[in-house]
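Inspection log for the structure reproduced underneath, given as structure tokens.
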Amino acid sequence: MNKIAAKAISALFAVALGFLATSTMANTDNDAIAERIKPVGSVCVEGDECANAVAAPAAAAGGARSGEDVYTASCAACHASGVLSAPKLGSSDWTDREAAKGMGTLVANAINGINAMPPRGTCASCSDDEIEAAVAYMVDSAK
Ligand code: HEC
């Protein structure tokens, strides 16, 4: 190899190295920017992987959740204020529905969904017993 060729090759090498270095730095910058401008919070809906990650340890650690816990976590969004005319906590709508349909039907409709009431009130990780406990909690709140 003559001297000029060797110089050319090492010059090319230097350019390539420089390019590599800048592009690596650029990536790091992008990551840093992405980290800096990411949203402060994110919405995690029951049934999403992120929600299961939160719900699973609770179920594993504490066994079945109480009716009040399930209500607060999954039902209150609609049943506290009567969104979409959901029967409100503490309202006679609950005792009226229990008298008209019976607890069995109320629980079945809570599990399967009815009209604007989503199946399991969107609590995909809730067992049938936990849904039943939440229904009992809401019905009892009206007594
Ligand atoms: C997205 C809003 C929403 C959420 C969340 C929600 N509900 Fe409902 N729920 C409704 C609406 C609206 C109705 C009224 C449906 C109807 O009678 O047309 C309803 C009705 C019910 C009924 C009465 C069913 C019947 O046959 O009369 C039960 C029981 C019930 N919900 C249980 C629950 C439980 C338990 C949870 C939580 C695990 C829950 N809901 C979460 C909106 C919701």
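Is it the case, given these coordinates, that ALA53 is within 19 Å of ILE131 (Cα to Cα) and either touching an Asp or Glu at 6+ places or on another chain (Cβ under 6 Å) or at pLDDT below 65 (or both)? When the stated conditions are applied, ALA53 does not pass them. If the condition is being open to solvent by 20 Å² or more (accessible area, probe 1.4 Å), under 15 Å from GLY67 (Cα atoms) and within 8 Å of the ligand (Cβ to nearest atom), then the stretch 108-121 contributes only ARG120. With respect to ASP93, is the statement that it is more than 10 Å from the ligand (Cβ to nearest atom), in a helix (DSSP H, G or I) and among the acidic types (Asp, Glu) true? No. Please work out which residue is farthest from ALA86 (Cα to Cα), limiting yourself to the stretch 126-143 and to residues that are outside any helix (DSSP H, G or I) and either among the aliphatic types (A, V, I, L, M) or open to solvent by less than 30 Å² (accessible area, probe 1.4 Å) (or both). Here the answer is CYS126.
The values are calculated or read from the model by the stated rules, or taken from the named source; none is laboratory data. In this text, all values refer to a predicted model and were calculated from it rather than measured experimentally. Here Cβ is always computed from backbone atoms with ideal geometry, including for glycine, and neighbour counts include all displayed protein chains. For accessibility, only protein heavy atoms count, side chains too; no ligands or nucleic acids. Shrake-Rupley method; radii C 1.70, N 1.55, O 1.52, S 1.80 Å.
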